[in-house]
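See below for the structure under consideration.
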Amino acid sequence: MTVAGDDIVLESDVVIGAEKGLSPRLGNRIFLGSGAKILGGIELGDDVTIGANAVVIKDVPSNVVAAGVPAKIMRQKESLPGL
């Protein structure tokens with residue numbers, strides 16, 4: 001069963017799927033671009049953006065933007081002081 005945090009935005013045609021009986025775990029404040037695929041027993045940290053049509057098959061740490069097939073970290077998000 002997929003576990004999902006708060007404030008998750010899913011664009012059209014997003015797939016969140018189990019693989020070999022393992023489901024993804026999604027943190028808080030996640031954005032999944034159109035056509036993104038999140039597959040298997042992986043974890044997305046908090047404050048993560050996944051680009052359109054990305055295929056995520058490995059864990060993604062908090063505060064990053066990831067994109068591509070397979071998805072790779074494109075950049076670290078800047079944190080705002082006091083948040």
- Message: For the stretch 35-63, which positions are farther than 17 Å from M74 by Cα and of a type in the set (G, A, S)?
- Response: G35, G40, G41
- Quick one: T2 ticks every box in (1) of a type in the set (V, I, T); (2) buried (at least 16 other Cβ atoms within 10 Å of the Cβ); (3) in contact (Cβ under 8 Å) with a residue 24 or more places away in the chain bar one, so which box is it? (2)
- Query: Where in the chain are there strands (runs of 3 or more DSSP E), lying fully within it, with 2 or more residues that are charged (D, E, K, R)?
  - Reply: 72-76
- Message: All but one of (1) surrounded by 13 or more Cβ atoms within 10 Å (Cβ to Cβ); (2) in contact with a Phe, Trp or Tyr (Cβ under 9 Å, 6 or more places away or on another chain); (3) not basic (K, R) hold for V9; state the number of the condition that does not hold.
- Response: (1)
- Confirm whether A52 is more than 16 Å from D7 (Cα to Cα), without any contact (Cβ under 8 Å) to a residue 60 or more places away in the chain and crowded, with 17+ Cβ neighbours inside 10 Å. no
- Query: Are any of the residues in the stretch 13-32 small (G, A, S), in contact with a Leu (Cβ under 9 Å, 6 or more places away or on another chain) and loosely packed, with under 15 Cβ neighbours inside 10 Å?
  - Reply: yes
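Just so you know, all these numbers are worked out from the coordinates, no wet-lab data involved. For clarity, every value in this text was computed on a predicted model and none was experimentally measured. A quick note on method: Cβ atoms are made from the backbone with ideal geometry, for glycine too, and the neighbour counts reach across all protein chains shown.
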